[in-house]
Structure formats: structure tokens, C-alpha cells
């Protein structure tokens, strides 16, 4: 009797954390992140997993629990969230989540306020309500932007959202390693 192959769905909390959030599979997360943002960070050659639970500033303040939280060899932080079900305020939640690694960089005593980059990545199994009629853009990369100059004002805070239902390429249409990751 042949045992059927079993697959882990990356769109479940268990599957996502098993594939990307475990030490034996760290190379998968590094490869994915390198495909997603290597132009910004340079090649990630090492990652360290950090505690996924972030406590509020006091006992009565809200905490945050990330799916995956890690840092690269340069001390840049990465929050990676899989969101299966549509959430009305997912963008707000991701902004809130990014405040924790920013605040953690504050040092006691003299400090020049130089910050390391923070990347918040949302892999979404839904489409943002405001984007439901725009099927062309599924990969959003957001930074602070100066409307008057039309240039990035601050590049150390990046939000990346992948609206996976909009990715429609078939296996024959895959052109890049990144396409293969999304497929």
C-alpha cells in the first residue's frame, strides 16, 4: 500500500510557520525575502528569529503577536504576516506592528536616533476592498513619500503587501524566481 504524499498549505497558520518560521527551513525564508526585497537590503546572508510576541509599553497596553519576526545580518527587522481572512483594518494593524521594532531600537543614554530599516510584509489571501477593481497590481511596496517632490522621503520603513488572489500566472507563464515563489 502506497502512502499518499502530504503537502503543507502555506496559507494556514501551521503551514506558514512550519515552512518559513522554523530554524531548519530558514533558508526558505531568506530566499523568499531576497527575491522580495534584495534590491533594497542587499542580499540577506543570515537571519535570526526573534520573539514573535511583543509586549505593550505597559501592562494595560495592547501587545502584538507576529507570524514571523526576524532580523538580518545588518540588524534590519522583518515582520512577515500571513493573512488568510479579509480584515477591515489590516493596513492599520501592519502600521501598528511596525512601531514595536522602531521603539525597540531606542537606547538609554546618549543616542543619535539613527534607526535600522523595518520591513513589514503582508501575504494576503484576499484583495484590499479599495483595490478590488484594480487587477493589475498585486505587489504593493509602500514607503513614506513626499508628495511635493514625488520622491521617497524615508526609505527605512517599508510595507509590502502581496494580494495573492490577483496573481494569475499559470505555470507556463512563470518568468522569474519571484514568480515561482508566488505561484
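Readers should treat all values here as calculations from the given coordinates under stated rules, not as data from a laboratory. Worth saying up front: this structure is predicted, and the values here are computed from it rather than measured. Here the Cβ positions follow ideal geometry from the backbone for every residue, glycine too, while neighbour counts run over all protein chains shown.
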Checklist entry - For residue 104 and residue 136 in one chain, what is 0.36 nm times their gap in residues minus the Cα-Cα distance, to one decimal in nm? => result 7.8 nm
Checklist outcome for this item: Among 117, 106, 64, the residue with the largest mean-square fluctuation in a Gaussian network model of the chain built from Cα contacts under 10 Å is 106
Checklist entry - If you build a Gaussian network model of the chain, linking Cα atoms that sit under 10 Å apart, which residue out of 136, 27, 125 swings the most? => result 136
Item to check | Label corresponding to Rg/Rh (Cα atoms, Kirkwood Rh) when calculated from the structure given, among (i) 0.98; (ii) 1.17; (iii) 0.94 | outcome: (i)
Next on the checklist: Just to confirm the number: angle between the C-alpha axis of helix 26-41 and the first principal axis of the chain, 0 to 90 degrees, nearest 10?
Outcome noted: 60
Checklist outcome for this item: Quick note on 161, 7, ordering by fewest other C-beta atoms within 10 Å, gives 7, 161
Checklist entry - Exposure proxy check: 53, 141 ranked by fewest other beta carbons within 10 Å? => result 53, 141
Checklist entry - Can you sort 138, 11 so the residue with the fewest Cβ neighbours within 10 Å comes first? => result 11, 138
Checklist entry - Most fluctuating residue of 142, 118, 152 in a GNM of the chain with Cα springs under 10 Å: which is it? => result 152
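Divide by every residue of the chain the summed helix terms, -39500 (n - 2.57) for each DSSP H run of at least 4, and state the resulting mean residue ellipticity at 222 nm, rounded to the nearest 500 deg cm²/dmol.
That comes out to -7500 deg cm²/dmol.
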Checklist entry - When only Cα pairs under 8 Å and 6 or more residues apart are kept, what is the percent relative contact order across the chain? => result 16
